[in-house]
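Here the structure is laid out as structure tokens; the discussion comes afterwards.
The values are calculated or read from the model by the stated rules, or taken from the named source; none is laboratory data. This is a predicted model, so every value here is computed, not measured. Quick reminder, even Gly has a Cβ in these numbers, built from the backbone with ideal geometry, and neighbours come from all protein chains shown. With ligands, DNA and RNA removed, areas are computed over all heavy atoms of the protein, side chains included. Shrake-Rupley method; radii C 1.70, N 1.55, O 1.52, S 1.80 Å.
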Amino acid sequence: MPAFPAPAANLATACRPGCGACCIAPSITTPMPGMPRGKPAGERCLHLDEAMRCRLFGRPERPAFCGGLQPSREMCGEDRGQAIAWLARMERLTAP
Ligand code: SF4
Ligand code: SF4
């Protein structure tokens with residue numbers, strides 16, 4: 001599981017509806033239903049629905065990684081493209 005650094009000096013922000021960037025860009029190394037090896041970086045999670053919402057939200061099968069990834073201005077940026085770019089950069093920086 002990548003150890004994303006805690007965003008520094010970030011004000012709390014809300015998840016942008018329809019974004020889904022953090023369910024696509026990062027890798028997830030723990031198993032989840034339908035993805036026994038986790039999720040490769042850059043691949044859309046199987047559990048992201050058409051409205052970019054998590055189908056596993058609130059369920060025990062949802063990876064701990066997902067619950068730990070909180071929205072922040074630094075990560076989420078101004079739009080989905082910025083979020084994907086930031087998350088992809090973090091993925092590279094935390095790659096083993
Ligand atoms: S990157 Fe931010 S806005 Fe986009 S889905 Fe993740 S938490 Fe929500
Ligand atoms: S399990 Fe849910 S929150 Fe986690 S990556 Fe998949 S869709 Fe996103």
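If you put +1 on each Lys and Arg Cβ and -1 on each Asp and Glu Cβ, how big is the dipole of the chain around its Cα centre, in Debye rounded to 20?
It works out to roughly 140 debye.
Tell me the per residue accessible area of the chain using a 1.4 Å probe; a whole number in Å² is fine.
Result: 62 Å² per residue.
Go through the stretch 25-93 and name the chymotrypsin sites (Phe, Trp or Tyr not before Pro) that are in a DSSP coil and have 11 or fewer other Cβ atoms within 10 Å of their Cβ.
Listed in order of number, the matching sites are 57.
Roughly to the nearest percent, how much of the accessible area of the chain is carbon and sulfur, given a 1.4 Å probe?
That share works out to 59 percent.
Taking the chain, how much of its Cα-Cα pair set, in percent, is spaced more than 24 angstrom apart?
Result for the distance tail: 14 percent.
Counting other C-beta atoms within 10 Å, and keeping those with at most 16, which DSSP coil GluC sites (Glu not before Pro) do you find in the stretch 6-96?
43, 50, 61, 78
Give me the angle, in degrees from 0 to 90, between the Cα long axis of helix 80-93 and the longest principal axis of the Cα atoms of the chain, rounded to the nearest 10.
Rounded to the nearest ten degrees, it is 80.
Pick out, in residue order, every one of the trypsin sites (Lys or Arg not before Pro) in the stretch 45-96 that is DSSP loop and has at most 15 other C-beta atoms within 10 Å; say none if there are none.
Answer in residue order: 53, 55.
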